[in-house]
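**Student:** Quick one: the structure is below, and I'll ask about it shortly.
The values are calculated or read from the model by the stated rules, or taken from the named source; none is laboratory data. This is a predicted model, so every value here is computed, not measured. As a convention, Cβ positions derive from the backbone with ideal geometry for all residues, glycine included, and neighbour counts pool all protein chains shown. Accessible surface areas use protein heavy atoms only, side chains included; no ligands, DNA or RNA. Shrake-Rupley method; radii C 1.70, N 1.55, O 1.52, S 1.80 Å.
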Amino acid sequence: MKALCWEGVNEVAVEQVPDPQLLNAQDAIVRVRRSVTCGSDLHLLGGYIPFMKQGDVLGHEFLGEVVEVGSEVRKHKVGDRVVVCSFVSCGRCWFCEQGLFSCCDNGNTNPAITETLWGFAPGGCYGYSHALGGLAGSHAEYIRVPFADQGAFAVPDGVSDERALFASDAAPTGWMGADMAGIRPDDVVAVWGCGGVGQMAARAAMLLGAGRVIVIDRFDYRLQMAERVLGVETLNYERTDVGAELLERSGGRGPDVCIEAVGMEAHSPGPQFIYDQIKQQLRIESDRSIAVRDAIYNCRKGGSVFILGVFGGLVDKFPLGAVMNKGLTIRSAQQHGQRYIPMLLERMARDELITEHLATHVMPLSEAPRGYDLFKNKKEDCVRAVFTP
Amino acid sequence: MKLVNWGTAAAVVAAGGAVARRLLGGDGQWPPRSVAPARASRWHVVTINRPIDQVAPGGGIPEPLAQLGDAVEVQLRPAPGGRGTELAVRLRHGESAGVAGGAARISGTDPRRAVRAALRQAKQVAETGEVLSPDAPPTARETLLNSPLEYATRHGREEGRL
Ligand SMILES: NC(=O)c1ccc[n+]([C@@H]2O[C@H](COP(=O)([O-])OP(=O)(O)OC[C@H]3O[C@@H](n4cnc5c(N)ncnc54)[C@H](O)[C@@H]3O)[C@@H](O)[C@H]2O)c1
Ligand SMILES: [Zn+2]
Ligand SMILES: [Zn+2]
């Protein structure tokens, strides 16, 4: 079959690879109908997560049709239209039972790498390097879905492919940030990053009752989209004093909840950007945490910061003093999708959660390298590139 | 730490016949302190989210640990807070440390590898009914550049902090 493979730093190519096979009795094989680029892929492309092999298939956010099921699959049958959570979780270990699905003990076949790196191994993720299990990604004609009863969800008839696709990753990620940050009615919520993840976090914050939601980025086309489609407020950090604006808009208190949806390749107009970029390139610091610093600094006393952006290793200039002295709560996680996807699909069916606007560029899989160029370099007002294998 | 729970668990396991010998730490330590500190083996422990009678049905040693036979000591006991069962394994004849340990790892003869893999597999089987297989055939190619990573993934369940 055809698949989009990682070939080296900033190199991807559509190649012929072996078809996936049923290997465990709880597996299903899904024919991919739509698979979308995610900000997380950029960290792989850029070589910031050095656990990729040439020929690894990329992609983890997808929707498709079940074409084969293992003997132990109960919930799905051939022909079902399913959206699949990007994280592979067993549903039965202690972590899964607590709803911490991305921390699953049984979803990663290479626990040694992350156990050594981080102390303990999270679950697996499709197309997300051998550190997270090395499972083939979804930018392909077919994909193997382990623990299919846990990770695949039937899409309700009224919900289009275009919309349901984002129930795989961006929507549950954003929802998790808003939910686990503990948003309360009338809270002021600030979200750094206006990509798919930041937009979904902002929408979730509104649905969870926030009084004001303010999204921060530097790309006007993204900010305008968020204003138009989601009805949130925005700030362009290249043109505004974000700190001063947030104070003004929160009665001088600062946002109650700050959600970071940027990740390890954050950008900044100031000199700290060059500082962090050089340190990152020299491998003295592995991740740039500029937006995390901003979120912590601007958060009100006793407030809550949720880090949705992906980080891999060490960050520099972490403002621990602000965290400690302001009494902040910081949480973070890879997305616990299985906990939210059924509810999100229902909200999609009720038109409460709109996602299809994120798919600014839809193209056949053969054009995926162009799609990544548009997405990575934010060309042609790209928010997400969607492939139709 | 109380030994009461542990006693029950040991009894359950002991009932199943002695594939591996069980040692009760006399000082009430969990995992029990090693007997001969000089060539000590560490206890390698996993918590399995299943009651003890499901982890060790009939008191037997769960597969594939049983296959390690006399080379290991195995202990089971209920985990606190309803978290299932703690399964601990230690190499009976000690594990090499320091330089010897490093050499063993590189030459692929480190016996701890079999212990880790067996523990992880026993846990997965008890919790999910299967051992998740990596994708096969792989789509990636082996190159000189990725050979260290290739090596790491070949031993993905045999290394780590367990
Ligand atoms: N936690 C999870 O499970 C999970 C799941 C999916 C994605 N993610 C992560 O979420 C992050 C965002 O993903 P995405 O798909 O929206 O990516 P994206 O690249 O489309 O969006 C990131 C946005 O952040 C903006 N940005 C950069 N620096 C900034 C700064 N200093 N302040 C404010 N905005 C800044 C960029 O301009 C861009 O619009 C990535 O790090 C991704 O890895 C996490
Ligand atoms: Zn993602
Ligand atoms: Zn699990």
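**Student:** How many percent of DSSP beta bridges within chain A run antiparallel, rounded to 5?
**Tutor:** On the way: 31 of 59 bridges.
The antiparallel proportion sits near 55 percent.
**Student:** Also: What is the average number of partner chain Cβ atoms found within 10 Å of a Cβ in B:154-161? Spell out each step's value before the answer.
**Tutor:** Numbers: counts 1, 2, 11, 5, 2, 6, 10, 8.
Averaged over the peptide's residues, the number is 6.
**Student:** Now for a different question. Considering all alpha-carbon pairs of segment B:36-157, what whole percent are spaced by more than 23 angstrom?
**Tutor:** 42
**Student:** Quickly estimate the mean residue ellipticity at 222 nm for the protein assembly as shown, helices only: each DSSP H run with n ≥ 4 gives -39500 (n - 2.57), and the total goes over all residues, rounded to 500.
**Tutor:** That comes out to -8000 deg cm²/dmol.
**Student:** Continuing with this model, one more query. Return the lysines within reach of A:LYS75: Cα separation strictly under 25 angstrom, same-chain partners fewer than 8 residues apart disregarded; answer none if there are no such residues.
**Tutor:** B:LYS123
**Student:** Comparing A:ARG293, A:ARG339, A:ARG350, which has the greatest mean-square fluctuation in the GNM of chain A with Cα pairs linked when under 10 Å apart?
**Tutor:** Checking each option, the largest mean-square fluctuation is seen for A:ARG350.
**Student:** What net charge do the residues around A:CYS299 carry, taking every other residue with its C-beta under 12 Å from that of A:CYS299, with Lys and Arg at +1 and Asp and Glu at -1?
**Tutor:** Neighbourhood net charge equals +1.
**Student:** So what does B:HIS44 come to for accessible area, using a 1.4 Å probe and Å² rounded to 10?
**Tutor:** Number for this one is 0 Å².
**Student:** Pick out, from A:ALA190, A:ALA210, A:SER304, the residue whose Cα sits farthest towards the positive end of the charge dipole of segment A:171-332, with +1 on the Cβ of Lys and Arg and -1 on the Cβ of Asp and Glu.
**Tutor:** A:SER304
**Student:** Quick one: 3J(HN,Hα) in Hz for segment B:117-128, Karplus 6.51/-1.76/1.60 with θ = phi - 60°, rounded, Gly and Pro as x.
**Tutor:** Taking θ as phi minus 60°, the curve returns 4, 5, 4, 5, 5, 4, 4, 4, 5, 5, 7, 10 Hz for segment B:117-128.
**Student:** When ligands, DNA and RNA are left out and all protein chains stay put, how many square angstrom of accessible area per residue does the protein assembly as shown have with a 1.4 Å probe?
**Tutor:** Heavy-atom SASA per residue in the protein assembly as shown reads 40 Å².
**Student:** Taking both sides together, what accessible area is buried at the B/A interface, probe 1.4 Å, expressed in Å² and rounded to the nearest 100?
**Tutor:** Working: alone 9550 and 15480 Å², together 21840 Å².
Interface area, both chains combined: 3200 Å², rounded to the nearest 100.
**Student:** Let me ask something else about it. If you take each beta carbon of peptide A:91-99 and count the beta carbons of other chains within 10 angstrom, what is the mean?
**Tutor:** Mean shielding count: 4.
**Student:** Taking the radius of gyration and the Kirkwood hydrodynamic radius from Cα positions alone, what is the Rg/Rh ratio for segment A:171-332, to two decimal places?
**Tutor:** My calculation of the ratio gives 0.94.
**Student:** Let me check I've understood the local charge: for A:CYS85, count other residues with C-beta under 13 angstrom from its C-beta, Lys and Arg +1, Asp and Glu -1. What total comes out? The partial results should precede the final answer.
**Tutor:** Numbers: positive: A:ARG339; negative: A:GLU61, A:ASP149, A:ASP169.
Here the count lands on -2.
**Student:** Here is a further query. In terms of Cα to Cα distance under 16 Å, which aspartates and glutamates are near enough to A:LYS326, apart from those fewer than 8 places away along the same chain?
**Tutor:** Straight-distance partners of A:LYS326: A:ASP256, A:ASP294.
**Student:** Just reorder A:SER286, A:SER86 by solvent-accessible area, largest first, 1.4 Å probe, all chains present.
**Tutor:** Descending accessible area places them as A:SER286, A:SER86.
**Student:** So for the protein assembly as shown, Kirkwood radius off the Cα pairs, Stokes-Einstein at 10 °C and 1.306 mPa s: how many µm² s⁻¹?
**Tutor:** D, rounded to a whole number, is 64 µm²/s.
**Student:** For a quick check, take a GNM of chain A with Cα springs below 10 Å and name the residue from A:ASP27, A:ASP179, A:ASP157 with the largest mean-square fluctuation.
**Tutor:** Highest fluctuation among the options: A:ASP157.
**Student:** Here's another thing I want to ask about it. Using +1 on the beta carbon of Lys and Arg, -1 on that of Asp and Glu, and nothing else charged, what's the dipole of the protein assembly as shown about the Cα centre, debye to 20?
**Tutor:** 1720
**Student:** Give me a single rounded figure for A:20-27: the average over its residues of other chain Cβ atoms within 10 Å of their Cβ.
**Tutor:** 4
**Student:** Please list, in order along segment A:297-311, the HN-Hα scalar couplings obtained from phi with the Karplus expression 6.51 cos²θ - 1.76 cosθ + 1.60 (θ = phi - 60°), rounded to whole Hz, x for Gly and Pro.
**Tutor:** Karplus-based 3J(HN,Hα) across segment A:297-311 equals 5, 7, 5, 5, 4, x, x, 10, 10, 10, 9, 8, x, 7, 10 Hz.
**Student:** Something else now. With a cut-off of 8 Å between alpha carbons and a minimum separation of six or more residues, what is the relative contact order of segment A:110-187 in percent? Walk me through the intermediate numbers first.
**Tutor:** Numbers: 53 pairs, mean separation 10.9, N = 78.
It rounds to 14 percent for segment A:110-187.
**Student:** Would you mind counting up the charge near A:ALA261? Only other residues with Cβ under 13 Å from its Cβ, with Lys and Arg at +1 and Asp and Glu at -1.
**Tutor:** Charge balance near A:ALA261 sits at -3.
**Student:** Quantify, in whole percent, the carbon and sulfur part of the accessible surface of segment A:171-332 (1.4 Å probe; protein heavy atoms only).
**Tutor:** Summing carbon and sulfur atoms, their accessible area is 52 percent of the total for segment A:171-332.
**Student:** Using Cα springs under 10 Å in a Gaussian network model of chain A, which residue among A:VAL257, A:VAL292, A:VAL229 shows the largest mean-square fluctuation?
**Tutor:** Comparing A:VAL257, A:VAL292, A:VAL229 in the GNM, the peak value goes to A:VAL229.
**Student:** Quick check on packing: order A:213-220, A:340-347 by the mean number of other C-beta atoms within 10 Å, highest mean leading.
**Tutor:** Going from most to least packed, we get A:213-220, A:340-347.
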